[in-house]
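Here the structure is laid out as C-alpha cells; the discussion comes afterwards.
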Amino acid sequence: MINQRQPRRCPCIRVMVLGVMALQIVRLTAADDAGDLSRLEADVLTKEQRSDAAGMIDRDIERRAAEANARHRSEWSKIETREQWESYRDERIARLRQSLGDYPVPPAKLNTRLTRTIDGDGFRIENVVYESRPGQWVPGNLYVPARPTRCMPGILLAHSHHRDKPQSELQDMGMTWSRAGCLVLVIDQVGYGERRAHPFHCDQDYAKPYRTTRQDYYFRYDSGVQLQLLGDSLMGWMAWDLMRGVDLLLARAGIDPQRIILLGAVAGGGDPAAVASALDRRIACCVPFNFGGPQPESRYPLPEDAEKSFDLLGGTYWDSTRGLRLGGRDDFLHWVIVASTAPQHLIHAHEFSWDGERDPVWKRYQKVWGQFYHAADRIGVAHGYGTLRQSASQASHCTNIGRVHRRMIHPLFEQWFGFRVAESDETSSPRKPEDLICLTENARSELWPKSLTEIMSAVGRERIEAAHRRLAGKSAAERRQLLRDAWSKLLGPVIPAAAPVVKRTSIDDQPMAGAKVERVVLEVESGILVPLIVLAPVNGAGRTPAVVSLAQTGKAGFLQQRTPELIKLLQHGVTVVLPDLRGTGESRAGSSRGRDSSATNLSVHVQLFGETLLGERLRDLRSVLAYLRERPDVDPQRIALWGDSFAPPNPADTNFQVPHGVEGWPRESEPLGGLLALLGALFEDQIHAAYVGGGLSSYHAVLTHFAVLIPHDSSVPGILTAGDLCDLAGSLAPRPLRFEALVDNRNCIVPTADLQRAYAPAIQSYAATPQALSLVETRSSAATWLLEQLK
C-alpha cells in the first residue's frame, strides 16, 4: 500500500477524506495560469515512491529468478537414476534447441575453399572458408601437422568476445597442438574479424579516437537484436557455425571421428562451445571456460551455503549469448547444457581461482558423470589464479585461453586422447594478422560472400512472406485472431491476471485548462504500480469519450510536448488519460536507453522468463483500459489510443557510420507509444480509433543496417515470423487508424510514397473503407483527427 502523498505547506492546499480515498493536491497558487497544462506537475508518486517504483521490474526479475532456482533445486533433488536424468535432460535440450531459432538443413557435403597455405615449423596453416548458410562463408585458420598421420584428433576453438582468430593465444594453441599431431581449426565467429558487419577495422576508419579492437564485441549487441527479430539468435548462429566446423574437420583425410574436441575461450567463447556440444554428439570433449559454474564475477571463495544460495540460473546483460532467452522459463540452465554432454569428456574450466570444495555445479557434474554413467574419469578441471578485480600480476587474466590454463589442459588431453604437449613445446611466434586472411580478394570475387545484413534481410523477407501466405484468403476476423495468437506467443502473457486495484486516488483542488485533475495509482500486478493522471472536462456530462496517451516518457512528455493538443481535446469534452506504464515516465529506472542502459538490462532479463517488456506494458495498458471502462464518467465504446514519440528524428544528412562508445551516435527512435497503440487496438475490440505519431514503420528494416537504432525493449523476438507492422496495422480494419511521421530503422522520417508502398498489405485490408486509414509523413493535429473519430 502506497503511503498518502504529504501536502505541501501552502495556504491553498486542502485535504478531504472520503472513506479510504483522499482528495487533495494543489501545486499551483491562484495566481498561476490555470490554463497552461505544461506547468502541471506530472508526478503522482512522492520522491521515495518513485525511487521504489523504479526498482519494481528489477524486484520482479529477482523474484522470478529465485523461483526458477528453487524449482530447479527441487527437481534436481528428485533425480537419482540415469533414466531420470536423461528424461530431464532431453526435455530441456529440446527446449534449448527450439529457443535458438530455425536452422537450415545441414549440407550433405560442406562447400569449402582453400585460399592460402603457410608453412611453419612443424606445421602448416591452411586458410580456408566454408559455407555454413547460403552465401555465408566462414573464414578459418586450419593448423595442420607438417607430417599428418592416419588417425589425428581434431580440435575446434571458439574465440572469446575480445578478439578474432589472429589473436596470439589462439595462434599459440593452433601451432602447439598441430605440432603434437592434431588438426586445429580457429574460425571467426559471427560479426568478428573478416565477418564483421560494421566498417570500423582500424583507427583510420573514423575521424575521432575510438576503441578499435572492441567494436566487434560492441556490435554483438546489434547483431543479437537483429537475429532475435528473425526468431533466431546470435547463440544459435554461432553454434551452427561451430557444428559446420566439425563437418570440415570430419571431412579431412586422417581425422579420428572419436577425438573431436571443442574449446570455448574465456569471456564468451565457452557459451557457444557448450551449446554446440549439447546439440552435436559428434563432439567427444568440451572445454567451456566460464560457463556453467561460478563466474569471474562470483564471490571467491564461495559462501559456505553455496549449495543453497548459488544462483544457478545466472545473470545476463546486453550480450544475448550470456543470458539465453527462455532459459529461466524452460529450465535449460547453463550447467544443465554442459551436463547434457555426458558421458563425453568435459573440462570444467575457469579463468581465475576456483573453489572446488564449495562449487555446487561441480558436485552435480560428479553425480552425472560418476553416478549415472560411471565415467568419473572423463571429467577434469582447469583454472587460473587470483580474481577478476586483481591486476594482471596478481591474477590469470587472458584474452582467450592462457598458458597457465593450458598447463592443466595438456595432461587431460594426453590421458584421454593420447597426444602429449610438454611445457617446452609451448612457444609463441604469432603470424601477422594479414597472413591469416582467408577471404582474399580473389576468394571474394569468386564466392561473392554476402554480408550479415544481406543474409538477415533475405531470411526476414522469407519469413514475412510465409506469414502473408498464412493470412491470405482469411476473413478480417480470422486474420485478426491469427495475429493475436502469433503476437501473444511472441510477447509473452498479454492478458492481465486480475483486475487492477486502485491503491490511491486524489483530485487537485484547482482545475487546469477546464479539467479536473485526478491522480490515480493502480496496482496491476503484485508489486507493479501504474501511476496515471486523468484530465476530465469540468463541464463534461455523463460518460465522455476518452483518449489514452502513450509514450516512453509517459505523462510528463505529453504535458510538456503536446499541451495545445491536450487542451483541444479537453475543450471538446474528451477525457485525457496519461499513464506511466511500468518502467516509463516516473517509474523508469534511468534516462539512458542504449546498449549499456539499465532499460536494456531489464529487457534482456525479462526475456529469460519468456516475456518482453513490450508485452508486460501491453498488460499494463489493458489494465488501465479495464479501469477506465468501470469509471462512470468514461464511455467505454469511445476510447481511442494515442501513441507518440518525442524523440527527434535524424536529419537525412546524419552520419550513420559511427562506432560504439563515442560521441555522435545517431539519435535512436522511441517507438513504444505507437507499438502500444497498435497492440492495444489489436487485443481490445472496444478501442474506437488509434493514432500513431513518430512510430517505427517496419521491423524488417532494422535488419538492413549494421547499427540498431531502436531500444531493446521495443524489439520483439521472432516478430518477423508473424509478419511486420504493416500486417498489424491491417488487422485493425475497418477502425480508424492514422500514422504520422513514421520513422525507419535509422530514425529518419519515411516519405509518404515509400510508406504507402511498404504498407500495401494494410491498404488492401482497408480497401472497403479507405478513408479510415491515413499514412502521411508530416505532423498535423492529433487532437483534430481524434476528435473527428470520437464525435
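Looking at segment 355-378, which of its residues are open to solvent by 30 Å² or more (accessible area, probe 1.4 Å) and among the small types (Gly, Ala, Ser)? Break it down into steps so the answer makes sense when it comes.
Taking segment 355-378 as the starting set, the residues that turn out to be open to solvent by 30 Å² or more (accessible area, probe 1.4 Å) are 357-358, 362-363, 366-367, 371, 374, 376-378.
Passing the criteria: only Ala376.
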Of these, Leu491, Leu482, which one is open to solvent by 60 Å² or more (accessible area, probe 1.4 Å), touching a helix residue (DSSP H, G or I) at 6+ places or on another chain (Cβ under 7 Å) and at pLDDT 95 or above?
Leu482
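Residue by residue, here is whether (1) on the phi > 0 side of the Ramachandran plot; (2) within 27 Å of the chain's Cα centre (by Cα); (3) crowded, with 23+ Cβ neighbours inside 10 Å holds:
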site	(1), (2), (3)
Ala284	no, no, no
Gly292	yes, yes, yes
Pro296	no, yes, no
Arg299	no, yes, no
Leu302	no, no, no
Phe310	no, yes, no
Tyr317	no, yes, no
Thr321	no, yes, yes
Restricting to segment 325-354, count the residues that are open to solvent by 20 Å² or more (accessible area, probe 1.4 Å) and either farther than 17 Å from Asn69 by Cα or among the small types (Gly, Ala, Ser) (or both).
5
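So that you can scan it fast, the table gives a plain yes or no per residue for (1) assigned to a loop (DSSP other than H, G, I, E, B); (2) farther than 28 Å from Asp222 by Cα; (3) not charged (D, E, K, R):
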| position | (1), (2), (3) |
| --- | --- |
| Arg259 | no, yes, no |
| Val266 | yes, no, yes |
| Val275 | no, no, yes |
| Arg282 | yes, yes, no |
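Quick check on my filter: what residues within segment 382-403 are outside any loop (DSSP other than H, G, I, E, B) and surrounded by fewer than 17 Cβ atoms within 10 Å (Cβ to Cβ)? Break it down into steps so the answer makes sense when it comes.
Step one: of segment 382-403, the residues outside any loop (DSSP other than H, G, I, E, B) are 382, 403.
Within segment 382-403, just Arg403 meets the criteria.
Can you name the residue in segment 545-599 that is polar (S, T, N, Q) and assigned to a loop (DSSP other than H, G, I, E, B) and is also farthest from Arg50 (Cα to Cα) among such residues? Steps first, answer last, please.
Of the residues in segment 545-599, the ones polar (S, T, N, Q) are 549, 552-553, 560-561, 563, 571, 575, 584, 587, 591-592, 597-598.
Now narrow it down to the ones that are assigned to a loop (DSSP other than H, G, I, E, B): 552-553, 584, 591-592, 597.
Values: Gln552: 16, Thr553: 14, Thr584: 11, Ser591: 14, Ser592: 17, Ser597: 19 Å.
Per the stated criteria, the residue is Ser597.
For segment 693-701, check the following and say yes or no: at least one residue is assigned to a helix (DSSP H, G or I), surrounded by fewer than 24 Cβ atoms within 10 Å (Cβ to Cβ) and of a type outside the set (Ser, Thr, Tyr). Lay out the reasoning, then the answer.
Initial filter on segment 693-701 (assigned to a helix (DSSP H, G or I)): 700-701.
Add one more test, that the residue is surrounded by fewer than 24 Cβ atoms within 10 Å (Cβ to Cβ), and what stays is 700-701.
Subset that is of a type outside the set (Ser, Thr, Tyr): 700-701.
Looking through segment 693-701, at least one residue is assigned to a helix (DSSP H, G or I), surrounded by fewer than 24 Cβ atoms within 10 Å (Cβ to Cβ) and of a type outside the set (Ser, Thr, Tyr).
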Looking at Glu465, Glu454, can you tell me which residue is open to solvent by 80 Å² or more (accessible area, probe 1.4 Å), under 30 Å from His705 (Cβ atoms), part of a helix (DSSP H, G or I) and in contact (Cβ under 8 Å) with a residue 12 or more places away in the chain?
Glu454
Do you know which of the residues in segment 421-451 that are part of a helix (DSSP H, G or I) and hydrophobic (A, V, I, L, M, F, W, C) is surrounded by the most Cβ atoms within 10 Å (Cβ to Cβ)?
Leu436
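Residue-by-condition table, conditions (1) buried (at least 23 other Cβ atoms within 10 Å of the Cβ); (2) modelled with pLDDT of 95 or more:
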| residue | (1), (2) |
| --- | --- |
| Gln607 | yes, yes |
| Gly615 | no, yes |
| Ala626 | no, yes |
| Glu630 | no, yes |
| Pro649 | no, yes |
| Ala652 | no, no |
When segment 120-162 is checked residue by residue, the ones that are in contact (Cβ under 8 Å) with a residue 24 or more places away in the chain, among the charged types (D, E, K, R) and exposed (fewer than 15 other Cβ atoms within 10 Å of the Cβ) are Asp121, Arg150
Filter result for Ala647 (of a type in the set (Gly, Ala, Ser) and farther than 15 Å from Pro711 by Cβ)
no
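Would you confirm whether or not segment 737-747 contains a residue that is polar (S, T, N, Q) and in a loop (DSSP other than H, G, I, E, B)?
yes
Filter segment 517-540 for residues that are surrounded by fewer than 19 Cβ atoms within 10 Å (Cβ to Cβ) and free of Cβ contacts under 8 Å to residues at least 24 places away in the same chain and give the result.
Of all residues in segment 517-540, those surrounded by fewer than 19 Cβ atoms within 10 Å (Cβ to Cβ) come to 523, 526-527, 538-540.
Hits for segment 517-540 are Glu523, Ser526.
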Among the residues listed as Gln204, Gln228, the single one being touching a Ser or Thr at 6+ places or on another chain (Cβ under 8 Å), open to solvent by 10 Å² or more (accessible area, probe 1.4 Å), more than 22 Å from Ala251 (Cβ to Cβ) and not in a loop (DSSP other than H, G, I, E, B):
Gln228
List every residue pair whose Cβ atoms sit under 6 Å apart, with the two residues 6 or more apart in sequence or on different chains, where the first one lies in segment 597-617 and is of a type in the set (S, T, N, Q) and the second, anywhere, is not in a loop (DSSP other than H, G, I, E, B).
Thr600/His712; Ser603/Leu613; Ser603/His712; Ser603/Asp713; Thr612/Leu491
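The values are calculated or read from the model by the stated rules, or taken from the named source; none is laboratory data. The structure displayed is predicted, hence computed values, not measured ones. Note that we place each Cβ from the backbone using ideal geometry, even for glycine, and neighbour counts take in every protein chain shown. Areas reflect the complete protein model, heavy atoms only, side chains present, ligands, DNA and RNA absent. Shrake-Rupley method; radii C 1.70, N 1.55, O 1.52, S 1.80 Å.
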